[in-house]
Amino acid sequence: MREIFAGMPWWVKWIAVPVIAIFVFGGLIASVVGFVISLLFKALVFVVLIGGLIFVVRKFMSSSSSRGDW
């Protein structure tokens, strides 16, 4: 493979081949990137919800224990 590209001009190696690869595999690349972004967004939402739940539970527990002191 290296010998095939050795005789080619630089623009074939660095412009034409990547453009053809993106044209052929563009849909696959876009779906994989979309899946990864969706997964990261869902993980972020999960972390925020768990953090909010912990915050609310701690706030509720601290307010109920201070009422018990009276």
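Modelled label positions at F35 and K13, each set 7 Å beyond Cα in the direction of Cβ, lie 3.3 nm from each other. Once the C-beta distance of L44 and E3 is scaled by a Förster radius of 35 Å, the resulting FRET efficiency is 0.15 to the nearest 0.05.
Equivalent ellipsoid of the chain: semi-axes from √(5λ) of the C-alpha gyration tensor, largest first, are 59, 12, 7 Å. Between A21 and F55, the distance separating the two model label sites (each 7 Å from Cα on the Cα→Cβ line) works out to 4.4 nm. Of M61, M1, M8, the order by accessible heavy-atom surface (1.4 Å probe, DNA, RNA and ligands excluded), from most exposed downward, is M1, M61, M8.
The string of couplings for the stretch 5-13 from the Karplus curve (6.51, -1.76, 1.60, θ = phi - 60°) is 6, 5, x, 7, x, 4, 6, 5, 5 Hz, one whole number per residue in order, with x for Gly and Pro.
On the chain, 80 percent of the accessible area sits on carbon and sulfur atoms, based on a 1.4 Å probe.
The values are calculated or read from the model by the stated rules, or taken from the named source; none is laboratory data. Keep in mind the model is a prediction, meaning the values are calculated, not measured. Here the Cβ is made from the backbone with ideal geometry for all residues, glycine too, and neighbour counts use every protein chain on show. With ligands, DNA and RNA removed, areas are computed over all heavy atoms of the protein, side chains included. Shrake-Rupley method; radii C 1.70, N 1.55, O 1.52, S 1.80 Å.
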